[in-house]
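The block underneath contains the structure these notes are about, expressed in structure tokens.
The values are calculated or read from the model by the stated rules, or taken from the named source; none is laboratory data. Predicted model only: the values in this text are computed from it and were never measured. Ideal geometry is used to build each Cβ from the backbone, glycine not excepted, and the neighbour counts take in all protein chains shown.
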Amino acid sequence: MKGTAKIAYWDTEQQGARPPLLGEIKGTPTIRLYKPKKKQRPGSSKEKVVVDYNYERKAKDMKRFVDEHIPNAAEKIVNGKKDLDAFNDKAAKYGLPRALLFTSKSETMPLTKYLSTDFRRKLLYAEVMPTKKNKDIMDKYGITELPALLIFPVTPVEEDVESAADSPVSNGEPIRYEGDGFTKNKLHSFLSKYALKKIILPAEKKKEEPPPKPSSKVKEEL
């Protein structure tokens, strides 16, 4: 799980107070998974989803458990053009590059979850599922073999000269991943070339200010 999940242990027999994040421990060994909430803001560690592991203590079972709980930020394109348009609109709204993974799998793979989460708010990642309604999308981009990965970079803004120098631009044309194998390191390196350098945060909602209180003079007139 190196590079996908951080694994640590706490020795209950050592001296010192237990970190509050660990919560109450009734017995040992206890295996517990902590993951951020779906809409948790980057850099925040206050809110976590806590899940206890209650299955076989074997490596394959524990790995499957972690894989299933990896946060997933990937969009799903199932219904053809309708879903693709919604995906493109969302990317345009936040000024994000787009990555389209054409997959042969009916379920989201752990690697897709990892990449979509790691690049969250730096590019928008989507799975084009193997459905009949998505055939037109595959034909549009000449996809004949699966899996296939396309990325649509954004044109760097003039003010961001430093970022623009490091970001390849395709003038709206998709760039296809031509690497040897869909491995984590190779895909991460490919996506890093086109992802934004800084994360895009949604605008915070402005709180409505209460109306000003009338002055003493206005009160007297009332």
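I'd like to check something: does the range 98-108 contain any residue that is surrounded by 14 or more Cβ atoms within 10 Å (Cβ to Cβ), in a loop (DSSP other than H, G, I, E, B) and in contact (Cβ under 8 Å) with a residue 60 or more places away in the chain?
Pass one, the range 98-108, residues surrounded by 14 or more Cβ atoms within 10 Å (Cβ to Cβ): 98-103, 108.
Subsequent filtering for residues that are in a loop (DSSP other than H, G, I, E, B) retains 103, 108.
Applying the additional criterion that residues be in contact (Cβ under 8 Å) with a residue 60 or more places away in the chain yields none.
Looking through the range 98-108, none of the residues is surrounded by 14 or more Cβ atoms within 10 Å (Cβ to Cβ), in a loop (DSSP other than H, G, I, E, B) and in contact (Cβ under 8 Å) with a residue 60 or more places away in the chain.
When only residues in the range 160-202 that are hydroxyl-bearing (S, T, Y) and at pLDDT below 90 count, which is nearest to Y114 (Cα to Cα)? So, considering only residues that are hydroxyl-bearing (S, T, Y) and at pLDDT below 90, the one nearest to Y114 (Cα to Cα) is S167.
Residue count for the range 109-152 under the criterion of being of a type in the set (F, W, Y) and either assigned to a helix (DSSP H, G or I) or surrounded by fewer than 17 Cβ atoms within 10 Å (Cβ to Cβ) (or both): the result is 2. Among residues of the range 121-142 that are assigned by TED's automatic domain parsing to the domain that holds G95, those with a beta-carbon under 6 Å from a residue that is among the basic types (K, R) and not in a helix (DSSP H, G or I) at least six positions away or on a different chain give the pairs L124/R98; E127/K76.
Taking the stated definitions as given, is A91 within 28 Å of A5 (Cα to Cα) and outside any helix (DSSP H, G or I)? Don't jump to the end; show me each part of the working.
Numbers: within 28 Å of A5 (Cα to Cα): yes; outside any helix (DSSP H, G or I): no.
For A91, the condition - within 28 Å of A5 (Cα to Cα) and outside any helix (DSSP H, G or I) - is not met.
Residue under question is F65, and the condition is that it be farther than 16 Å from V128 by Cβ, of a type outside the set (A, V, I, L, M) and in contact (Cβ under 8 Å) with a residue 24 or more places away in the chain; does it hold?
yes
Scanning the range 89-101 for residues that are hydrophobic (A, V, I, L, M, F, W, C) and under 12 Å from E75 (Cα atoms) gives A91, A99, L100, L101. Residue count for the range 71-87 under the criterion of being in contact with a strand residue (DSSP E or B) (Cβ under 8 Å, 6 or more places away or on another chain) and at pLDDT below 95: the result is 2.
The set of residues in the range 1-40 that are aromatic (F, W, Y) and either more than 30 Å from R120 (Cβ to Cβ) or surrounded by fewer than 10 Cβ atoms within 10 Å (Cβ to Cβ) (or both) contains only Y9.
One line per residue, one yes/no per condition, for (1) small (G, A, S); (2) more than 14 Å from the chain's Cα centre (by Cα):
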{"residue": "G3", "(1), (2)": "yes, yes"}
{"residue": "K26", "(1), (2)": "no, yes"}
{"residue": "Y34", "(1), (2)": "no, yes"}
{"residue": "K60", "(1), (2)": "no, yes"}
{"residue": "I77", "(1), (2)": "no, yes"}
{"residue": "K82", "(1), (2)": "no, yes"}
{"residue": "T108", "(1), (2)": "no, no"}
{"residue": "K113", "(1), (2)": "no, no"}
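Annotation: V157 fulfils all but one of (1) among the hydrophobic types (A, V, I, L, M, F, W, C); (2) at pLDDT below 60; (3) part of a helix (DSSP H, G or I); the unmet one is (3).
If a residue must be in contact with a Phe, Trp or Tyr (Cβ under 8 Å, 6 or more places away or on another chain) and not in a loop (DSSP other than H, G, I, E, B), how many such residues does the range 52-88 contain? Full working, then the answer.
Restricting attention to the range 52-88, the residues satisfying the condition of being in contact with a Phe, Trp or Tyr (Cβ under 8 Å, 6 or more places away or on another chain) are 53, 55, 61-62, 65, 70, 73-75, 77.
This time we only want the ones that are not in a loop (DSSP other than H, G, I, E, B), so: 61-62, 65, 75, 77.
Of the residues in that region, 5 qualify.
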